[in-house]
Amino acid sequence: MAAPPAPATEGSPQPEPHVREPGPGSARRGREDSRASRLSFCTKVCYGIGGVPNQIASSATAFYLQLFLLDIAQIPAAQVSLVLFGGKVSGAAADPVAGFFINRSQRTGSGRLMPWVLGCTPFIALAYFFLWFLPPFTSLRGLWYTTFYCLFQGLATFFQVPYTALTMLLTPCPRERDSATAYRMTVEMAGTLMGATVHGLIVSGAHKHHRCEATMTPGPVTVSPNAARLYYIAAAVVAVTYPVCSSLLCLGVKERPDPSTPASGPGLSFLAGLGLTTRHPPYLKLVISFLFISAAVQVEQSYLVLFCTHASQLHDHVQGLVLTVLVSAVLSTPLWEWVLQSFGKKMSAFGISAMVPFAILLAAVPTAPVAYVVAFVSGVSIAVSLLLPWSMLPDVVDDFQLQHHHGPGLETIFYSSYVFFTKLSGACALGISTLSLEFSGYKAGACKQAEEVVVTLKVLIGAVPTCMILAGLCILMVGSTPKTPSQDASSRLSLRRRTSYSLA
């Protein structure tokens, strides 16, 4: 029997446990780990398909919900402001709640995150349908739409947080995660394009300009039953995508088993993890910069249709402009992925600023040729503004985990808190901007608006997004950004995830 090792004396060198000299075996294991970390084309596509329903619904609400509430439901602008603000705030408040419950959930046969996606699917489909339903009563319509918009945003959060956090559990390889993110963004935008096209084509008959030419009354125009029926059909088509795409996600993507084993000590609580993540400087800079940028994109999307309808003679080009924005976003996403890989993520951020001069140009010269050019450039800028934070966030998570000895599950806190802050900024931006329409004298359902309303829409489509984008880019450019971890760093992170504490 071998003698036990002599006890170490004070001052004697302590041998590091589990340290092995590199050899052919370790190189072979490294190659095997690299092959195991690769994601198949089918996995990446199915992962992207899983996010399509939320993007279709978000695109439809971003472009058409405000117009629907003002001109079809004929709710006063002040109530519309409360609907939009309340819905966005409920979605934002649901993010930390979702992160808390997801972190405390136990792994099942289909994983730890996947059951949340599947469980939310039927309820969010119903909430979305009733969001576009025109109730027979008129006095409480504001409460009706506030309730279902809050439900939709909250359920969409419980769907989106585990879905986006799934990126960290697909593979430990940062390059493969970036590739999966690019596939997700491309497939989501393609689905958004198809969904917005179908939604826009269906409801276009509800906003024919001849309905205003046929009446000389200055008040609101009576909504025909056909207009309401068109919105019902469009809502049902979008709602069906939730169960279909969620099924494909479940069949095509297998969540990697969480290899962490519970330690004897207490784990890290959600609130403690949230405090640590919000004090991480790279994460703070990323969140604050995209608070402004994401709010600018939401304002630009929300007021494009209203601007074309009431502040210019572009009401016949609404569908074409929306399609131009989405087509350019879809086509430019692979290009931006190449730019991200070739020139770095910080350099790619300058692509967001391309929207600035063209947004001002549209407000000054609202003609059809200018509008289509602005729509194309806006789509290019929106593509990089959506792709960039989701590509930078995994690097921020890895940078945090390299500096702190904490276990898996923190990626959910990073993702949920990021979505929380961006939704909160969007809620404030949309709520305040819609309230400005009320102050300027917007008349719900009226064919012709006052000149003050026209000026307000021009400011909202041009000056407001410009200021927010420039502010966000200035914050993002200050200081350094986390680098993509090297292969050795990725191996250390993978080892740490296998040996660290799990969240309590």
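Within segment 276-313, count every residue that is hydrophobic (A, V, I, L, M, F, W, C) and within 15 Å of L67 (Cα to Cα).
Start the filter on segment 276-313 by keeping residues that are hydrophobic (A, V, I, L, M, F, W, C), which leaves 276, 284, 286-288, 290-293, 295-297, 299, 304-308, 311.
Next, only the ones that are within 15 Å of L67 (Cα to Cα) stay: 299, 304-308, 311.
Adding up the residues that qualify gives 7.
Specify the residue that is farthest from A227 (Cα to Cα); the eligible residues are those in segment 60-110 that are buried (at least 22 other Cβ atoms within 10 Å of the Cβ) and touching a Pro at 6+ places or on another chain (Cβ under 8 Å). So the residue we want is I102.
Would you check which residues across segment 48-70 are closer than 19 Å to T121 by Cβ and either more than 15 Å from the chain's Cα centre (by Cα) or outside the structural domain of V238 (by the TED database) (or both) and list them?
So the first thing to find is which residues in segment 48-70 are closer than 19 Å to T121 by Cβ, and the list is 48-61.
Those that are closer than 19 Å to T121 by Cβ and either more than 15 Å from the chain's Cα centre (by Cα) or outside the structural domain of V238 (by the TED database) (or both): none in segment 48-70.
Mind listing whichever residues of segment 345-364 are closer than 17 Å to T324 by Cβ and out of contact with any Asp or Glu (no Cβ under 8 Å at 6 or more places or on another chain)? If you could, list the steps in order and put the result at the bottom.
First pass over segment 345-364, keeping only residues closer than 17 Å to T324 by Cβ: 354-355, 358-359, 361-362.
The answer is A354, F358, L361, L362.
Tell me whether segment 453-468 contains one or more residues that are modelled with pLDDT under 85, small (G, A, S) and either in a helix (DSSP H, G or I) or not assigned by the TED database to the domain that holds F350 (or both).
Among the residues of segment 453-468, not one is modelled with pLDDT under 85, small (G, A, S) and either in a helix (DSSP H, G or I) or not assigned by the TED database to the domain that holds F350 (or both), which makes the answer no.
If you check K443 against the conditions, is it of a type in the set (D, E, K, R) and over 29 Å from M168 (Cβ atoms)? So K443 fits the description; yes.
When you check V89 against the structure, is it of a type outside the set (D, E, K, R), under 30 Å from G275 (Cβ atoms) and assigned to a helix (DSSP H, G or I), yes or no? When the stated conditions are applied, V89 passes them.
Considering (1) buried (at least 23 other Cβ atoms within 10 Å of the Cβ); (2) modelled with pLDDT of 85 or more, the lone condition that F414 does not fulfil carries the number (2).
Scan segment 134-153 and tell me whether some residue there is open to solvent by less than 10 Å² (accessible area, probe 1.4 Å), among the hydrophobic types (A, V, I, L, M, F, W, C), modelled with pLDDT of 80 or more and over 15 Å from the mean Cα position of the chain (by Cα). No, that holds for no residue. Of the helices (runs of 4 or more DSSP H) contained entirely in segment 301-417, those carrying at least 2 residues that are hydroxyl-bearing (S, T, Y) and in contact (Cβ under 8 Å) with a residue 40 or more places away in the chain fall at 318-343, 368-403. Within segment 336-364, the set of residues being surrounded by fewer than 14 Cβ atoms within 10 Å (Cβ to Cβ) and among the aliphatic types (A, V, I, L, M) comprises M347, A364.
Taking the criterion of being modelled with pLDDT under 85 and of a type in the set (V, I, T), the residues of segment 323-350 that qualify are V330, T333.
Residue by residue, here is whether (1) free of Cβ contacts under 8 Å to residues at least 24 places away in the same chain; (2) closer than 24 Å to L251 by Cα; (3) in contact with a Leu (Cβ under 6 Å, 6 or more places away or on another chain) holds:
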| position | (1), (2), (3) |
| --- | --- |
| T61 | no, no, no |
| Y64 | no, no, no |
| A78 | no, no, no |
| S81 | no, no, yes |
| S90 | no, no, no |
| A93 | no, no, no |
| R107 | no, yes, no |
| W116 | no, yes, no |
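Of all residues in segment 441-465, those that are free of Cβ contacts under 8 Å to residues at least 40 places away in the same chain have Cβ atoms under 9 Å from Cβ atoms of residues that are of a type outside the set (A, V, I, L, M, F, W, C) and open to solvent by 40 Å² or more (accessible area, probe 1.4 Å), 6 or more apart or on another chain, in G441/E452; A450/K443.
The values are calculated or read from the model by the stated rules, or taken from the named source; none is laboratory data. All of these numbers come straight from a predicted model, not from anything done at the bench. Heads up, the Cβs are rebuilt from the backbone with ideal geometry, glycines too, and the neighbour counts pull from every protein chain shown. All accessible areas refer to the heavy atoms of the entire protein, side chains included, with ligands and DNA or RNA removed. Shrake-Rupley method; radii C 1.70, N 1.55, O 1.52, S 1.80 Å.
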